[in-house]
Amino acid sequence: MSSWRMRASEQIETAYLRQTLGDPKEEAAYQAFHKASEQDPDKKIKLGNTFLAKYPSDRYSQAAYEELAQTYYDKKDLASFYTYSDKGLTLFPDDPHLLAPTSWVIPRVYTQSDPDGEKKLNKVETYAKHALQTIGTMPKPDNATDRQFVDYKTTESAAPHSGLGLVYFRREMYDDSARELQTAINSQANPDPTDLLILGADLENLGQYDEAADAFNRCSQIAGTMQDRCKQLASDASKRAN
């Protein structure tokens, strides 16, 4: 699985946490969890749950929910990802680092046969728009330069723009979908292949075959399960363009 996490600056993330420090024991417990190796996700999950049992609802807890959701996603345990995302958002409804990944994940596992499909797409749209709103109004930490902060917010916005793009594609709103996906792609040094694939499909539906071929070609340069499919789609789009 790809990850939505393409953080622009660890320095800025740390600065936000340190603006509302808890007691030293709490910080030490959080840091033990935060620094746990991603190669041992079960240990990280155990440390995270131990931390949340002791410190259930303050600033470090918000970061703990974010990291636990990421860890479960990396384990391909989507049920637990949703559980921790939902718990975190119940406590911290304005947290863009939970809003954004949830809006990124849901449309990627969406199926047309899902009886709650439209309800889930509505949820994605709400979460993605709220994430963009909260990212847009973030205060700049004192130790970040203007350029660092702009880059940070641009990178953080990629996931919700991607989520909106996939929602609008499902609704056959191809202009809106293409616009959101182009924004997401332009915000990333290494664009997500799903974004490129769906952007190509948007552009084909809009009759922009040269541009579609370009998007599919970019997708085909990324190693993975979509590579061969994107190569074929790029060839087909080029033929239509000619």
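The values are calculated or read from the model by the stated rules, or taken from the named source; none is laboratory data. Keep in mind that what you see is a predicted model, and the values were worked out from it rather than measured. Neighbour counts are summed over all protein chains in view; Cβ atoms, including those assigned to glycine, are modelled from backbone coordinates with ideal geometry. Surface areas here come from the heavy atoms of the whole protein model, side chains and all, with no ligands, DNA or RNA. Shrake-Rupley method; radii C 1.70, N 1.55, O 1.52, S 1.80 Å.
Worth a mention:
- Qualifying residue in the range 81-93 (condition: among the charged types (D, E, K, R) and part of a helix (DSSP H, G or I)): yes
- Cβ-Cβ under 9 Å pairs, at least 6 apart or on other chains, the range 187-201 side closer than 15 Å to residue 163 by Cβ, far side of a type in the set (Val, Ile, Thr) and part of a helix (DSSP H, G or I): 187/154; 187/155; 188/155; 191/185; 192/185; 195/185; 199/185
- Here 141, 160, 193 are screened, and the one residue that is within 12 Å of the chain's Cα centre (by Cα) and either open to solvent by less than 70 Å² (accessible area, probe 1.4 Å) or among the small types (Gly, Ala, Ser) (or both) is 160.
- Cβ pairs under 6 Å, 6+ apart, first in the range 75-98 and in contact (Cβ under 8 Å) with a residue 40 or more places away in the chain and over 10 Å from residue 65 (Cα atoms), second open to solvent by 50 Å² or more (accessible area, probe 1.4 Å) and of a type in the set (Asp, Glu): none
- Residues of the range 195-225 classified as more than 17 Å from residue 235 (Cα to Cα) and either outside any helix (DSSP H, G or I) or in contact with a Pro (Cβ under 9 Å, 6 or more places away or on another chain) (or both), total: 4
- Failed criterion for residue 179 (all others in (1) under 19 Å from residue 107 (Cα atoms); (2) modelled with pLDDT of 95 or more; (3) open to solvent by less than 50 Å² (accessible area, probe 1.4 Å) hold): (3)
- Residues located in the range 36-79, provided they are at pLDDT below 90, outside any helix (DSSP H, G or I) and among the charged types (D, E, K, R): 38, 58
- Residue count for the range 85-116, restricted to those that are more than 17 Å from residue 52 (Cβ to Cβ) and open to solvent by less than 20 Å² (accessible area, probe 1.4 Å): 10.
- Figure legend. Inter-residue proximity from the range 122-143: first residues within 25 Å of residue 107 (Cβ to Cβ), second residues among the acidic types (Asp, Glu) and at pLDDT 95 or above, beta-carbon distance below 6 Å, spacing 6+ or different chains. Indicated pairs: 134/94.
- Among residues of the range 202-219 being more than 16 Å from residue 161 (Cα to Cα) and buried (at least 22 other Cβ atoms within 10 Å of the Cβ), the one that is nearest to the chain's Cα centre (by Cα) is 219.
- One residue alone among 119, 75 is more than 24 Å from residue 62 (Cβ to Cβ) and open to solvent by 10 Å² or more (accessible area, probe 1.4 Å), and that residue is 119.
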